[in-house]
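The values are calculated or read from the model by the stated rules, or taken from the named source; none is laboratory data. Since the structure is predicted, the reported quantities are computational estimates derived from the model, not experimental observations. Neighbour counts are summed over all protein chains in view; Cβ atoms, including those assigned to glycine, are modelled from backbone coordinates with ideal geometry.
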Amino acid sequence: MTIIHKPTFSRQLKEIIERIALDKPSASMKFKNELKETINLLSDHPLKYRKSIYFDNENIRDMTYKKYTIIYRVKPRKNEIEILRIFNRNKPTQ
């Protein structure tokens, strides 16, 4: 499956990485690279993670990575996975 990063996700990820980099730049790059690897594994197992608690749709899933929730949508007909948002699992934001 093709993985597509939506603009909201990309913006939120950039903000998170910038925040981490303020304390430790090497940790921010490690976080980004490990998250990218984890997201890429979705193409083989798109339904691996639980149905989203934020949406009433079986194709929208919540992946947890460290202290973050990544919301993604599986689009089987298009053979796509859309990465929608990332946020601290305790604090969803707009």
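Take the residues in segment 67-79 that are under 14 Å from the mean Cα position of the chain (by Cα) and surrounded by 11 or more Cβ atoms within 10 Å (Cβ to Cβ), then tell me which one is nearest to THR38 (Cα to Cα). Outline the logic, then answer.
Within segment 67-79, the first condition is being under 14 Å from the mean Cα position of the chain (by Cα), and the residues that meet it are 67-74.
Add one more test, that the residue is surrounded by 11 or more Cβ atoms within 10 Å (Cβ to Cβ), and what stays is 68-74.
Values: TYR68: 13, THR69: 12, ILE70: 11, ILE71: 13, TYR72: 13, ARG73: 15, VAL74: 16 Å.
If we take residues in segment 67-79 being under 14 Å from the mean Cα position of the chain (by Cα) and surrounded by 11 or more Cβ atoms within 10 Å (Cβ to Cβ), then ILE70 is nearest to THR38 (Cα to Cα).
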- Would you please list the contacts, defined by Cβ atoms under 6 Å and residues six or more apart or on different chains, that run from a residue in segment 20-38 that is over 17 Å from ILE70 (Cα atoms) and loosely packed, with under 15 Cβ neighbours inside 10 Å to a residue that is modelled with pLDDT under 95 and aliphatic (A, V, I, L, M)? ALA27/ILE20
- Message: Step by step: first the residues of segment 39-64, then only those that are buried (at least 16 other Cβ atoms within 10 Å of the Cβ) and not charged (D, E, K, R), then the one that is nearest to ASN88 (Cα to Cα). Which residue is that?
- Response: MET63
